[in-house]
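Report on the structure given below.
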Amino acid sequence: MLARPYRLTRGSDYRLVVRRGSRCGGARVITSVLATGENRAARFGFIISKQVGTAVVRNTVRRRLKAVCAEALPRVPEGTDVVIRALPASSSATFADLRADVDRCLSRLVAATVSA
């Protein structure tokens with residue numbers, strides 16, 4: 001589970017990451033990453049629309065994405081904000097599929113923000 005200090009909670013933070021952050025898309029998720037340069041832990045946010053499925057399906061996808069991000073937390077630099085938008089294909093994806101998509105995007109985007 002992803003503890004509260006590691007989650008984005010304000011709408012303004014979500015908008016900032018989605019509008020100004022670097023983006024990586026896949027078949028199941030779109031990942032946006034913004035390096036803020038602040039001295040704090042990395043934070044994650046999730047956007048799962050009703051197009052993904054019923055409430056049960058959306059909550060299952062959200063829980064899986066939270067678990068994937070909890071595993072990826074040590075690899076993400078401090079002060080980084082990450083927003084993951086689930087696409088409708090994520091409703092039928094396995095945990096391993098979601099992990100592969102998120103890991104691929106995080107490794108690409110984090111490497112790009114560190115080198116920039």
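Throughout, read-outs are computed from the coordinates displayed, never taken from laboratory work. All figures in this text were calculated on a predicted structure; none of them were measured in a lab. We place every Cβ from the backbone using ideal geometry, glycine too, and count neighbours over all the protein chains shown.
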Query raised in the report: Quick one: putting +1 on the C-beta of Lys and Arg, -1 on the C-beta of Asp and Glu, what dipole do you get for the range 4-115 around its Cα centre, in Debye to the nearest 20?
Result: 360 debye
Query raised in the report: Using a 4.7 Å Cβ cut-off, which Cys residues in the chain lack a partner cysteine?
Result: CYS69
Requested in this report: Quick one: angle between helix 11-20 and the longest Cα principal axis of the chain, in degrees between 0 and 90, rounded to 10, please.
Outcome: 70 degrees
Query raised in the report: Relative to the longest principal Cα axis of the chain, at what angle does helix 95-115 sit, 0 to 90 degrees, rounded to 10?
Result: 20 degrees
Report summary line: With DSSP loop assignment and no more than 10 other C-beta atoms within 10 Å, the trypsin sites (Lys or Arg not before Pro) in the range 8-116 are ARG10
Query raised in the report: For the chain, what does -39500 (n - 2.57) per DSSP helix run (n ≥ 4), summed and divided by total residues, give at 222 nm, in deg cm²/dmol to the nearest 500?
Result: -14000 deg cm²/dmol
Report summary line: Using alpha-carbon coordinates alone, the radius of gyration and Dmax of the range 4-115 in Å work out to 13.0, 40
Query raised in the report: In whole Å, how far is the Cα centre of the range 1-51 from that of the range 66-107?
Result: 10 Å
Query raised in the report: Which value in nm describes the separation of the simple spin-label points at ILE47 and ALA112, placed 7 Å from the Cα toward the beta carbon?
Result: 1.6 nm
Requested in this report: Could you please report the charge total around ILE30, scoring K, R as +1 and D, E as -1 over all other residues with beta-carbon less than 11 angstrom from its beta-carbon?
Outcome: +2
Query raised in the report: With a 10 Å Cβ neighbour count serving as the proxy for reagent exposure, in which order, fewest first, do THR31, THR54, THR60 appear?
Result: THR54, THR60, THR31
